[in-house]
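Colleague: Could you have a look at this structure, given as structure tokens, before my questions?
The values are calculated or read from the model by the stated rules, or taken from the named source; none is laboratory data. Predicted model, so just to flag it, every value in this text is computed and none were measured. Methodologically, a virtual Cβ is constructed for each residue, glycine included, from the backbone with ideal geometry; neighbour enumeration extends over all protein chains shown. Side chains are part of the model used for accessible areas, which takes the heavy atoms of the whole protein and leaves out ligands, DNA and RNA. Shrake-Rupley method; radii C 1.70, N 1.55, O 1.52, S 1.80 Å.
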Amino acid sequence: MNEKIAEVTGLTKDYTMGEVTVNALRGVDFELYAGEFVVVLGPSGSGKSTILNIIGGIDRATSGSVIVNGTDIANAKEREFSKYRRSAVGFVFQFYNLIPNLTAFENIVLAAELSSDPIPPQELLEAIGLADRGGSFPTQLSGGQQQRIAIARAITKNPSLLLCDEPTGALDHTTGIQVLRLLKDFNEKYKKTVVIITHNAEIGKMGNRVFHIKDGLIDKIDIIENPISPEDISW
């Protein structure tokens, strides 16, 4: 097993809506290791997005610890929490979230400027096959092209963790496979940890481990001895 880069212990998250409290996470424990590809599976409302948001620094836990590279971000002060979110983690969302008045290249550059050791934006534009579209605005790109730019934007920060929230959810099968290939290439080339959350069980076949989330808990963890290639996935 590779070096441990994250350890989550006793993670809970409660949301209060009026007089009702929803227990989104009810005591989650897991570890992440350098260079692994993890798929988090579960239905809508199971808590998988909440887990990703907390380890990504987008949301705060109600209780528990989230230690990433030696720092407990769940209990970090705001300044340290913000620094972690800006530089140590990359996020890929289902709906791209590109800045519409910036070109594809400028969207990547903006993220690169947050990192002390970025991967060059031009290198990534070439890696995702869009070197000739760097000057295009998001509205001039297809959904698949926008998602590839969004992935390059997340990767350029050279994060130790790349977190992906339903990255193929808005894409057709062919484009989705292209996106999964990019994520796998990043995982293998740069030896960085990639975590994908999805409701699509087929995607789990390409992971090193699969976390099954149910009712705010990890129901089980599968270890995949022989992960398949993204190109062999069908849904």
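Colleague: Which of the following residues is open to solvent by 50 Å² or more (accessible area, probe 1.4 Å) and under 12 Å from Phe37 (Cβ atoms): Lys220, Lys191?
Modeller: Going through Lys220, Lys191 in turn, just one is open to solvent by 50 Å² or more (accessible area, probe 1.4 Å) and under 12 Å from Phe37 (Cβ atoms): Lys191.
Colleague: Filter region 102-118 for residues that are modelled with pLDDT under 95 and not hydrophobic (A, V, I, L, M, F, W, C) and give the result.
Modeller: Glu113, Ser115, Ser116, Asp117, Pro118
Colleague: Mind listing whichever residues of region 29-79 are assigned to a loop (DSSP other than H, G, I, E, B) and farther than 21 Å from Gly169 by Cα?
Modeller: Ala34, Gly35, Glu36, Gly57, Asp59, Arg60, Ala61, Thr62, Asn69, Gly70, Ala76, Lys77 - these are the residues of region 29-79 that are assigned to a loop (DSSP other than H, G, I, E, B) and farther than 21 Å from Gly169 by Cα.
Colleague: Further, regarding this structure: With the structure loaded, tell me whether Asn226 is free of Cβ contacts under 8 Å to residues at least 40 places away in the same chain and either in a loop (DSSP other than H, G, I, E, B) or aliphatic (A, V, I, L, M) (or both) or whether it fails that test.
Modeller: In short, yes.
Colleague: Mind checking whether some residue in region 32-42 is of a type in the set (Asp, Glu), in contact (Cβ under 8 Å) with a residue 40 or more places away in the chain, surrounded by fewer than 14 Cβ atoms within 10 Å (Cβ to Cβ) and under 26 Å from Lys191 (Cα atoms)?
Modeller: no
Colleague: Right, here's the next one. Counting only residues that are of a type in the set (Lys, Arg) and over 13 Å from Gln178 (Cα atoms), which one in region 122-158 is least open to solvent (accessible area, probe 1.4 Å)?
Modeller: So, considering only residues that are of a type in the set (Lys, Arg) and over 13 Å from Gln178 (Cα atoms), the one least open to solvent (accessible area, probe 1.4 Å) is Lys157.
Colleague: Moving on. Helices (runs of 4 or more DSSP H) wholly in region 110-220 with at least 1 residues that are aromatic (Phe, Trp, Tyr) - which ones?
Modeller: 173-190
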